[in-house]
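For reference, the structure discussed in these notes is given below.
The values are calculated or read from the model by the stated rules, or taken from the named source; none is laboratory data. Predicted model, so just to flag it, every value in this text is computed and none were measured. Cβ sites come from the backbone with ideal geometry, for glycine too, and all protein chains shown count toward neighbours.
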């Protein structure tokens, strides 16, 4: 090799080395540089209907590498508690937020600039194989290392990912040799696709899993997709914060209600203990007996004589001197549900206690009560 030739080789090698070093320093290591063309089939002008198979493919951009696709999945919108996604609006299970329409509009714009307008989205066969390989490789890594993100992706974004699309399947054929030993021949079956545009009938005119999958594998679409995801994440964070604030407000209100209820219960208990510990007046015992079947009353039903012959249970006030003694009766009566009660009534006053109380005791109690606090009389 001549000195001139050797110098040329070394100069070219140095140039290549500096280029790769520059890319690495900029954050783009050589292995992440995508160069495979993204080709979209379009009918030939000589066969616009495509009925005779006249079809060509047009390059619209570059297929993203597996690393570039996985970089997108580091976006925080994919790493949220599943319940948080309920705060986002959705149309036919596909998310909707202000600005999300930029994704399908950008796709349509780039297709128009490239001169393609497929009614159903599809990829050129070679592009499809490469794109599916890159996406599959990324999803396999994602499922292995960040299963929560992978589950969010298949549940809320790429709903057609119902299984591990990246797994390879084999056809097994068994034969036997002359010695009777079984021999298995394994043939690699065509891999399951991680790209399924047919899930949305090839529709890319709005935001759906088809639009997202296309933008994931389309390198030039990543900045637009990043912006769309940023907008969605802002909406999600805002609504989750509002939801959490409302929940916290409800929780505090519930605590306040519980505290108030506890204070009322404590106050009732204190009142009851004071009531239990003191000596009851005769009229209190009679009214308690007529209402609860016990002279002591109960925590929730007891009578207090607030002044001579004037009784209250906290809800009703009765001046026993106004009871019509002539019309007053103690009788057994059935309440709805065929429950028998002992009822003390003059037609205006009505006190009832379970019929397990002996009627003669209740009548005797009222006779003595009217001696203590005589009521009114009438001719009938």
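Structure data summary
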quantity: Members of segment 150-159 found to be crowded, with 17+ Cβ neighbours inside 10 Å and in contact (Cβ under 8 Å) with a residue 60 or more places away in the chain, listed by number; calculated: 152, 153, 156, 157
quantity: Verdict on residue 229 being outside the structural domain of residue 307 (by TED's automatic domain parsing), in contact (Cβ under 8 Å) with a residue 60 or more places away in the chain, surrounded by 16 or more Cβ atoms within 10 Å (Cβ to Cβ) and more than 23 Å from the chain's Cα centre (by Cα); calculated: no
quantity: Scope segment 331-380; condition more than 19 Å from residue 292 (Cα to Cα), in contact with a helix residue (DSSP H, G or I) (Cβ under 9 Å, 6 or more places away or on another chain) and in a helix (DSSP H, G or I); matching residues; calculated: 370, 372
quantity: Filter result (closer than 18 Å to residue 303 by Cα and either touching a residue at least 60 places away in the same chain (Cβ under 8 Å) or assigned to a loop (DSSP other than H, G, I, E, B) (or both)) within segment 241-279; calculated: 278, 279
quantity: Out of 265, 221, 260, sole residue that is more than 28 Å from the chain's Cα centre (by Cα) and under 30 Å from residue 119 (Cα atoms); calculated: 221
quantity: Residue list for segment 161-197, filter: without any contact (Cβ under 8 Å) to a residue 12 or more places away in the chain and not in a strand (DSSP E or B); calculated: 162, 177, 178, 179, 180, 181, 190
quantity: Some residue of segment 109-121 being modelled with pLDDT under 90 and assigned to a strand (DSSP E or B); calculated: no
quantity: Exclusive hit being over 34 Å from the mean Cα position of the chain (by Cα) and closer than 25 Å to residue 227 by Cβ, set 123, 139, 105, 135; calculated: 123
quantity: Candidate set from segment 65-97 (those that are part of a loop (DSSP other than H, G, I, E, B) and at pLDDT below 95); member that is farthest from residue 149 (Cα to Cα); calculated: 92
quantity: Test: residue in segment 160-175 that is at pLDDT below 95, closer than 21 Å to residue 90 by Cα and either outside the structural domain of residue 58 (by TED's automatic domain parsing) or surrounded by 15 or more Cβ atoms within 10 Å (Cβ to Cβ) (or both); calculated: yes
quantity: Residues of segment 188-201 satisfying the condition of being surrounded by 15 or more Cβ atoms within 10 Å (Cβ to Cβ) and at pLDDT 90 or above; calculated: 194, 195, 196, 197, 199, 200
quantity: Residue check for residue 61: over 17 Å from residue 208 (Cα atoms) and at pLDDT 95 or above; calculated: yes
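Conditions (1) under 30 Å from residue 130 (Cβ atoms); (2) touching a strand residue (DSSP E or B) at 6+ places or on another chain (Cβ under 8 Å); (3) assigned by TED's automatic domain parsing to the domain that holds residue 170, marked per residue:
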site	(1), (2), (3)
203	yes, no, yes
216	yes, no, yes
219	yes, yes, yes
257	no, no, no
261	no, no, no
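One line per residue, one yes/no per condition, for (1) out of contact with any helix residue (DSSP H, G or I) (no Cβ under 6 Å at 6 or more places or on another chain); (2) surrounded by fewer than 16 Cβ atoms within 10 Å (Cβ to Cβ); (3) not assigned by TED's automatic domain parsing to the domain that holds residue 41:
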{"position": "56", "(1), (2), (3)": "yes, yes, no"}
{"position": "76", "(1), (2), (3)": "no, yes, no"}
{"position": "100", "(1), (2), (3)": "no, no, no"}
{"position": "108", "(1), (2), (3)": "yes, yes, no"}
{"position": "115", "(1), (2), (3)": "yes, yes, no"}
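For (1) surrounded by 12 or more Cβ atoms within 10 Å (Cβ to Cβ); (2) free of Cβ contacts under 8 Å to residues at least 60 places away in the same chain, each residue gets a yes or a no:
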{"residue": "295", "(1), (2)": "yes, yes"}
{"residue": "309", "(1), (2)": "yes, no"}
{"residue": "312", "(1), (2)": "yes, yes"}
{"residue": "323", "(1), (2)": "yes, yes"}
{"residue": "335", "(1), (2)": "no, yes"}
{"residue": "341", "(1), (2)": "yes, yes"}
{"residue": "353", "(1), (2)": "yes, no"}
{"residue": "371", "(1), (2)": "no, yes"}
